[in-house]
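K.L.:
Supplied in structure tokens, the structure appears directly below.
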Amino acid sequence: MSHAELPAALHGLMAEFETPTALVRAAEQARLAGYREMDAYSPIPIEELNEALGLRRTRLPKLVFLGGVIGGTAGYALQYWSQAMAYPMNIGGRPYHSWPHFIPVTFETTVLGAALACFVGMWALNKLPQPYHPVFNVPEFARASLDRFFLCIESTDPKFDREETARFLAGLHPVGVSEVAP
Amino acid sequence: MTAQTHDGAHLAAPRDIDGLRSRALIAGVVGLVGCGLGFVFDRDHFFRSWLIAYLLVLGIALGSMALLMIQHLSGGAWGVFRRVFEASSRTLPLLALMFLPIVLGMGTLYSWTHAEHVAADAILQHKAPYLNVPFFLIRALIYFAGWIGIAWTMSRWSRRQDEGDMSVNKRLQYLAGGGLVFYALASTFAGIDWIMSINPHWFSTLFGFIMVAGHGLSALSFTIVVSTFLSRRAPMENILKPSHFHDLGKLSLAFVMLWAYFNFSQYMLVYAANLAEEIPYFITRISHGWQYVALFLVVFQFIVPFLLLLSRDLKRMPHRLIWVSFALLAVRYIDLFLLVSPEFASTGANLHMVTGAHESHFYVHWLDLAAPLAVGGLWLWMFFTQLAQRPLVAFADPYLREAMESTGGH
């Protein structure tokens with residue numbers, strides 16, 4: 001495929017804002033205008049942004065819970081198997097299955113399972129590692145990790161129209177609107 | 001802020017509080033009549049039941065005072081609950097008064113108060129320099145003087161803050177720092193004096209931590225219940241946001257885990273060591289019917305609230321969270337019941353004072369309903385009286401603007 005023959009394809013249109021408040025307001029208006037396929041970029045976490053973009057809640061907590069349950073069960077099972085089945089040893093006349101002694105290790109493996117699920121799940125749900133992303137084609141985007149706030153409406157959105165979306169974004173009083181090459 | 005905000009008049013407590021106040025007073029008086037009958041006809045049970053009920057409300061007041069001090073040190077969004085904490089901690093003078101029946105019942109509650117028991121027991125002789133009547137009373141005096149002193153000073157400075165005196169802000173923080181140290185030490189020793197010494201042979205170094213975790217859990221649950229009530233009425237309906245309840249819910253979850261962590265650690269260490277002075281405490285509580293109470297606590301003071309409070313949605317919905325908090329308060333009472341009651345026979349006699357019989361079978365006495373009604377009713381009456389005295393928001397708090405932002409900033 002040669003790039004010269006495909007000038008029309010775009011990843012999307014990106015508007016640049018100076019404040020987090022302006023970004024949240026822009027996201028809200030874009031959603032009201034019917035846009036759904038969009039993303040916002042900010043150097044700081046903005047709590048209101050999730051709602052403004054209409055993002056659904058992350059599945060990460062469920063993954064972490066599952067990881068914890070698996071880790072805890074495996075930890076307990078390991079101790080039960082080794083101390084009550086495979087190599088039973090009389091310690092101070094206590095029963096082989098001395099469950100109070102198993103709890104600290106079970107707790108630790110629960111935390112381990114949950115932490116691993118959180119770490120791996122976070123990467124997977126964010127589709128990381130991602131060596132290439134089109135938004136970096138916009139030179140101004142370098143300031144997204146510094147002091148500027150960006151809203152990108154992607155071309156996959158059914159309502160996306162190169163001219164009209166650009167006009168809509170310009171109406172939100174941004175610092176500038178850029179086309180994002182794919 | 002508008003000029004109106006500065007006098008706090010529009011932040012006055014809702015009228016309904018008067019109704020609650022008189023109802024609490026009626027309940028307290030009815031319970032008190034029951035307790036009076038108990039005092040005459042069943043004195044041993046009266047002192048035991050009174051102690052348990054007393055420990056529950058004392059935990060709410062002290063826990064609230066501790067959370068208030070932590071709030072002064074940390075700042076942040078949960079400053080909107082300051083007035084509830086302050087009102088709880090201002091009930092401490094009444095609690096000092098309600099301690100008197102325990103002083104009166106020392107001979108029933110604590111075997112080490114009897115010279116003939118001490119004379120016959122080498123361990124009690126060894127502990128006599130600490131466990132004796134005058135020193136017990138002096139310590140109680142020190143605890144109450146310190147607690148009331150801290151609560152009173154913080155309340156006074158808080159009023160000065162309302163009046164616009166910003167010089168108290170820094171002083172409140174210093175007092176909170178030192179006050180927390182005093183609170184933790186005094187609560188630990190009070191736990192040893194008033195609960196642990198019922199079984200004077202037993203000891204546990206984790207006991208103070210268990211006390212403090214219990215105080216925190218009681219205070220948070222109570223604050224959630226009261227704040228939910230307030231959040232449905234003016235003036236708080238527009239001020240308390242889901243995110244504020246979210247914060248208290250998260251803290252409740254932390255204290256549920258803390259409570260379980262300390263109790264389990266104590267249990268496991270005693271189980272592992274299997275020592276003659278320590279293990280009877282748990283053997284008593286896992287036999288003769290008490291084991292079901294213990295199991296109930298494991299399920300309903302840890303597993304169920306832990307799983308429920310994991311949910312973000314639940315913590316952000318006051319009308320659901322309030323039921324978890326109500327239940328936790330009830331379970332806190334059962335927890336204290338299990339700390340105290342198995343050391344007494346169903347006749348009400350302290351097992352460590354009767355020769356021969358050393359077993360307690362599960363029982364509940366009618367005074368275990370009358371005493372919480374009396375103590376709880378009178379305390380709630382005092383609490384609502386105190387709550388109505390000040391604007392419901394500490395509007396001059398420098399952190400408050402942040403706390404009242406649309407999402408309740410963090």
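The values are calculated or read from the model by the stated rules, or taken from the named source; none is laboratory data. These numbers were taken from a predicted model, which means no experiment stands behind them. FYI the Cβ positions are ideal-geometry reconstructions off the backbone, even for glycines, and counts take in every protein chain you see. Surface accessibility is based on the protein's heavy atoms, side chains included, excluding ligands, DNA and RNA. Shrake-Rupley method; radii C 1.70, N 1.55, O 1.52, S 1.80 Å.
K.L.:
Quick one: if you stick a label point 7 Å off each Cα along the C-beta vector at A:LEU55 and A:LYS127, how many nm between them?
P.N.:
So the two model labels end up 1.4 nm from each other.
K.L.:
Tally up the carbon and sulfur contribution to the accessible surface of the stretch B:13-405 as a whole percent, 1.4 Å probe, everything protein left in place.
P.N.:
Details: 11020 of 15760 Å².
Heavy-atom surface of the stretch B:13-405 belonging to carbon and sulfur, 1.4 Å probe: 70 percent.
K.L.:
Could you state the principal axis extents of the C-alpha atoms in chain B, from the largest down, to the nearest angstrom?
P.N.:
Reported extents, whole Å, longest axis first: 73, 41, 39.
K.L.:
What is the Cα coordinate range of the stretch A:60-125 on the first, second and third principal axes, sorted by size from largest, in whole angstrom?
P.N.:
So the extents along the principal axes, rounded to whole Å, are 49, 19, 13.
K.L.:
Here's a follow-up. From the P(r) of the stretch B:59-120, could you give the percentage of C-alpha pairs in the tail past 18 Å? Present the calculation step by step, with values, prior to reporting the outcome.
P.N.:
Values: 1038 of 1891 pairs.
Across the stretch B:59-120, Cα pairs with separations above 18 Å total 55 percent.
K.L.:
Please work out the average accessible area per residue across the stretch A:60-125, using the 1.4 Å probe convention, and give it in Å². Please list the in-between numbers first.
P.N.:
Numbers: 4420 Å² over 66 residues.
I get 67 Å² per residue for this part.
K.L.:
Principal axis extents for the stretch B:103-209, Cα atoms only, whole Å, descending order, please.
P.N.:
So the extents along the principal axes, rounded to whole Å, are 62, 28, 18.
K.L.:
May I ask for the percentage of alpha-carbon pairs in chain A that lie more than 29 Å from each other? Working shown, then result.
P.N.:
Working: 7453 of 16471 pairs.
Tail of P(r) above 29 Å: 45 percent of Cα pairs.
K.L.:
If you don't mind, another one. Please compute the Kirkwood hydrodynamic radius over the stretch B:289-381, one decimal place, Å, based on all pairs of different Cα atoms.
P.N.:
Values: mean 1/r = 0.0648 Å⁻¹.
It is 15.4 Å.
K.L.:
Report, in whole Å, the centroid distance computed from the Cα atoms of the stretch B:115-179 and the stretch A:12-88.
P.N.:
Cα centres, the stretch B:115-179 to the stretch A:12-88: 46 Å.
K.L.:
Using the basic label-point model (7 angstrom from Cα toward the beta carbon), what is the A:ALA166 to A:ARG94 distance in nanometres?
P.N.:
Those two pseudo-labels are separated by 7.4 nm.
K.L.:
Restricting to Cα atoms and excluding each atom paired with itself, what does the Kirkwood estimate give for the stretch A:108-182 in Å? All intermediate terms of the calculation are to be shown ahead of the outcome.
P.N.:
Values: mean 1/r = 0.0649 Å⁻¹.
Radius from the Kirkwood sum: 15.4 Å.
K.L.:
Further, regarding this structure: Tell me the carbon and sulfur percent of the accessible area for the stretch A:1-146, rounded to whole percent, probe radius 1.4 Å. Don't skip to the answer; put the middle values down first.
P.N.:
On the way: 6460 of 9910 Å².
Answer for the stretch A:1-146: carbon and sulfur cover 65 percent of the accessible area.
K.L.:
Per DSSP helix of 4 or more residues, -39500 (n - 2.57); summed, then divided by the residues of chain B. What does that give at 222 nm, rounded to the nearest 500? Don't skip to the answer; put the middle values down first.
P.N.:
Values: 20 runs with 285 residues, N = 410.
Calculated at 222 nm, the ellipticity per residue is -22500 deg cm²/dmol.
K.L.:
Return, ordered by residue number, the residues of the stretch B:58-84 whose backbone nitrogen is under 16 Å from a label point located 7 Å along Cα→Cβ of A:GLU47.
P.N.:
Only B:75-81 pass the distance filter.
K.L.:
Take the Cβ-Cβ distance between A:HIS173 and B:ALA254 as r, set R0 to 56 Å, and report the resulting FRET efficiency rounded to the nearest 0.05. Kindly include the intermediate steps, with their values, before the conclusion.
P.N.:
Numbers: r = 44 Å, r/R0 = 0.78.
According to the calculation, E is roughly 0.80.
K.L.:
Mind grabbing the interface size between B and A? I mean buried accessible area, both sides, 1.4 Å probe, in Å² to the nearest hundred. Intermediate values should be presented prior to the final figure.
P.N.:
Numbers: alone 17400 and 12300 Å², together 28700 Å².
Summed over both sides, the interface buries about 1000 Å².
K.L.:
Now, a different point. Using the heavy atoms of the protein chains alone and a 1.4 angstrom probe, what is the accessible area of the stretch B:92-236 per residue in square angstrom?
P.N.:
Working: 5790 Å² over 145 residues.
Result: 40 Å² of accessible area for each residue.
K.L.:
Would you list B:ARG233, B:ARG82 from the most to the least accessible area, probe 1.4 Å?
P.N.:
Numbers: B:ARG233 60, B:ARG82 0 Å².
Result, largest first: B:ARG233, B:ARG82.
K.L.:
With N residues in the protein assembly as shown, what two-decimal value do you get for its Cα radius of gyration over 2.2 N^0.38 Å? Before the final figure, lay out each step's value.
P.N.:
Values: Rg = 29.8 Å, N = 592, 2.2 N^0.38 = 24.9 Å.
Taking N as the residue count of the protein assembly as shown, the ratio is 1.20.
K.L.:
Hey, another quick one. At 7 Å along the Cα-to-beta-carbon direction for both B:VAL33 and B:HIS319, put a label point, then send me their distance in nm to one decimal.
P.N.:
It is 3.7 nm.
K.L.:
Now a separate question. Based on a Kirkwood Rh over C-alpha pairs, give the Stokes-Einstein translational diffusion coefficient of the stretch A:31-82 at 10 °C and viscosity 1.306 mPa s in µm²/s. Can you show the working numbers first?
P.N.:
Details: Rh = 14.6 Å.
This corresponds to a translational diffusion coefficient of 109 µm²/s.
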